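Q: Take this structure, written in structure tokens, and hold onto it; I'll ask about it next.
The values are calculated or read from the model by the stated rules, or taken from the named source; none is laboratory data. Model, not experiment: these values are computed from the prediction. Counting neighbours? That spans all protein chains shown, and the Cβs are built from the backbone with ideal geometry, glycine included.
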Amino acid sequence: MSAQEPLLEVSGLDVFYGRGSARKQAIFDATFSIAPGEVVGLIGETGSGKSTLARTILGLIKPDNGVIRFEGADLATLGHRQRQLFRRSGAVQYVFQDPLRSLDPDFTLEESIAEPLLSSGAHSRAEVATKVREYFRQVRLDEGLLSRLPGQVSGGQRQRAAIARALISEPRLLILDEPVSALDSANRVQILELLQNLASPSVSLLFISHDLGSVAGITDRVVVLYRGRIVEIDTTDAIVNDPIHPYTQLLVGSAPILGSGPSDRAWRDDIRSRLGAD
Amino acid sequence: MPTESAVSAPIVVDRLTIYNYIEDVPAVTDVSFTVRRGEALGIVGESGSGKTLICRALLGILPELFEVTEGSISLAGRDSSEFSRRDWTRLRGSTISAVFQDPASYLNPSIPVGKQLAEILRVKNGLSRRLARERAIELLDAVRIREPEYVYLQFPYELSGGMLQRVLIAAAVASEPDILIADEATTALDVTVQAEILDLLTDLKDRLGLALIVVSHDLAVVAQLCSEVIVMKSGEVVEQGSTAQILFEPRHEYTQLLLQEHHRFGLERFLRPVEALR
């Protein structure tokens, strides 16, 4: 990595769920960082803890141990009220797989996108209206859709509106949780293109996905999470071509690849037995 | 592999058109294909492209107000337009079978999975209780479930999505069908589990000489298993040909979009050429 100060620095993070005998550790000693403008993939299977890790970074979950340094400030030690203030600052934004979770069904797209700015109270209505249109254009939505409700537009248009709503607060980190898995190919390609163009020194992206194959091409680096532990962090090129941890090898070897022909089962069985021995 | 003429192939679909009488539009137009024993055909398309309607027509379970209006489906040498409801009931399972995306929804949550498998064998194959139990355990073993006697007694909620899909595949092949349809059968699974299920389907196709029809939104999944691919969009076949032809000489822009998505955003972007053809 460059000598540049990281935007986000997570170190020694432990997260537990539940109380007493039901207490269970979801994240074990997670350490990784995101540089300004970097696009990082957080990849893991169902139950690996990737959403827990993302929600902890977002300030929704208080970690039991560890440091989350965002632009130098430690988020992990903030109290409930301070974490709430941090969330409202909009510095970190979250986009869900299902845009209906980011958009109020009773708000028009314009109202939903304007809401973060209006609630901050720092802008006049005219300024907000101008900004909403600016971000609407940036996510390539037609202005004619501004007055529609989320239920009256397509899934791809809804996801774009959710991204516009996330962007309008000018976040430094955008966390995208499976942002394209519910969309068809044409929309997936367009939204990935949009996100690729978005990454700039002022915005970093954290892509959460169970499927490395669907987002690899947009990422600079990949963090592989397996059963609550980060097992490998490297450039996407190295992860794809020279995976080191057996789970990463299995993950890369399992991804359907165009023209790869029949898969090599004996090889995967071997990796699986090695993983079991871990 | 014995060569069979198209006439004796287990499934021959000729210029199939399915009409939607709810919206008064054709839902699927002019689809033709033949699948021989031990061969696999892939159908790729978005949700709403008509691929699942084709599967339902092949199984004789089209939704109400959807009808085959032109063309024909021949199963095991017989024209399906002549089938009575009893014929269909007899053919489903013994000639043509299917597995779908959400295995849990096809199982009764309050009955152990093995018992449900044995019930199929008693009803469809007329086996005694004891034989049905023995055969069910054999089938669980055949779909590579470790400790089949133990899994036999487990309830659906105790098993992972991948294990449940194995149980459903065991049920689908219980009456030794000629044709197996896998309609988005691995879509909801983690990539590493998807690879195992795809391996299993390939193995069953080869071992039992099944005519396999793989339906997926992911061209790479289909290309891995199938020698012939049909690409569908809005109810129409936009391209059909050998897998190599579709992958390396795509003619339709929609097929090109599907390939482009992999090359730009998938692992393919990083794979060195030699490995891409591994």
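Q: May I ask you to list the residues in the stretch A:88-128 that are assigned to a loop (DSSP other than H, G, I, E, B), of a type in the set (S, T, Y) and within 26 Å of A:V180 (Cβ to Cβ)?
A: Result: A:S102, A:T108.
Q: Confirm whether B:Y157 is touching a residue at least 12 places away in the same chain (Cβ under 8 Å), of a type in the set (F, W, Y) and buried (at least 17 other Cβ atoms within 10 Å of the Cβ).
A: In short, no.
Q: Another question about this same structure. Is it the case that A:T248 is at pLDDT 80 or above and more than 7 Å from every other protein chain (Cβ to nearest Cβ)?
A: When the stated conditions are applied, A:T248 passes them.
Q: Residue under question is A:V40, and the condition is that it be crowded, with 22+ Cβ neighbours inside 10 Å and not in a loop (DSSP other than H, G, I, E, B); does it hold?
A: Here the answer is yes, as A:V40 does meet what is asked.
Q: Would you mention how many residues in the stretch B:211-224 are more than 8 Å from chain A (Cβ to nearest Cβ) and not hydroxyl-bearing (S, T, Y)?
A: Summing the residues that are more than 8 Å from chain A (Cβ to nearest Cβ) and not hydroxyl-bearing (S, T, Y) in the stretch B:211-224 gives 6.
Q: Being of a type in the set (V, I, T) and more than 9 Å from chain A (Cβ to nearest Cβ) is the filter here, so list the residues in the stretch B:190-210 that pass it.
A: Answer for the stretch B:190-210, where residues must be of a type in the set (V, I, T) and more than 9 Å from chain A (Cβ to nearest Cβ): just B:I197.
Q: Continuing with this model, one more query. Given the condition hydroxyl-bearing (S, T, Y) and either loosely packed, with under 14 Cβ neighbours inside 10 Å or assigned to a helix (DSSP H, G or I) (or both), answer yes or no: does some residue in the stretch A:236-245 qualify?
A: Yes, there is a match, as at least one residue in the stretch A:236-245 is hydroxyl-bearing (S, T, Y) and either loosely packed, with under 14 Cβ neighbours inside 10 Å or assigned to a helix (DSSP H, G or I) (or both).
Q: Got at least one residue in the stretch B:181-189 being in a helix (DSSP H, G or I), away from every other protein chain (no Cβ under 14 Å) and surrounded by 22 or more Cβ atoms within 10 Å (Cβ to Cβ)?
A: So far as the stretch B:181-189 goes, no, none of its residues is in a helix (DSSP H, G or I), away from every other protein chain (no Cβ under 14 Å) and surrounded by 22 or more Cβ atoms within 10 Å (Cβ to Cβ).
Q: Right, something else. Please enumerate the residues belonging to the stretch A:176-194 that are crowded, with 20+ Cβ neighbours inside 10 Å and within 10 Å of chain B (Cβ to nearest Cβ).
A: Answer for the stretch A:176-194, where residues must be crowded, with 20+ Cβ neighbours inside 10 Å and within 10 Å of chain B (Cβ to nearest Cβ): A:V180, A:L183, A:S185, A:R188, A:L192.
A quick yes/no check of all residues on (1) at pLDDT below 95; (2) in contact with an Asp or Glu (Cβ under 9 Å, 6 or more places away or on another chain); (3) more than 14 Å from B:G93 (Cβ to Cβ); (4) not assigned by TED's automatic domain parsing to the domain that holds B:L91:
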| site | (1), (2), (3), (4) |
| --- | --- |
| B:K124 | yes, no, no, yes |
| B:E134 | no, no, yes, yes |
| B:I137 | no, yes, yes, yes |
| B:L140 | no, yes, yes, yes |
| B:P156 | no, no, yes, yes |
| B:G162 | yes, yes, yes, yes |
| B:L168 | no, no, no, yes |
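Q: Of the residues B:G48, B:G42, which single one is at positive phi and small (G, A, S)?
A: From the options B:G48, B:G42, the qualifying one is B:G48.
Q: Still on this structure: Working only within the stretch A:56-69, note down all residues that are surrounded by fewer than 17 Cβ atoms within 10 Å (Cβ to Cβ) and charged (D, E, K, R).
A: A:K62, A:D64
Q: Going through B:V229, B:V237 one at a time, which residue ends up being away from every other protein chain (no Cβ under 11 Å), assigned to a strand (DSSP E or B) and closer than 18 Å to A:I257 by Cα?
A: Criteria check complete, one pass: B:V229.
Q: Let me ask you something else. Only one of (1) farther than 21 Å from A:D177 by Cβ; (2) among the charged types (D, E, K, R); (3) at the interface with chain B (Cβ under 7 Å from one of its Cβ atoms) is not met by A:D211, so which one is it?
A: The one condition A:D211 does not meet is (1).
Q: Among the numbered conditions (1) surrounded by 14 or more Cβ atoms within 10 Å (Cβ to Cβ); (2) of a type in the set (S, T, Y); (3) in a loop (DSSP other than H, G, I, E, B), tell me where B:Y19 comes up short.
A: (3)
For every residue, the table says whether it meets (1) away from every other protein chain (no Cβ under 14 Å); (2) closer than 16 Å to A:T31 by Cα; (3) hydrophobic (A, V, I, L, M, F, W, C).
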{"residue": "A:T56", "(1), (2), (3)": "yes, yes, no"}
{"residue": "A:N65", "(1), (2), (3)": "yes, yes, no"}
{"residue": "A:Q82", "(1), (2), (3)": "yes, no, no"}
{"residue": "A:L85", "(1), (2), (3)": "yes, no, yes"}
{"residue": "A:A91", "(1), (2), (3)": "yes, no, yes"}
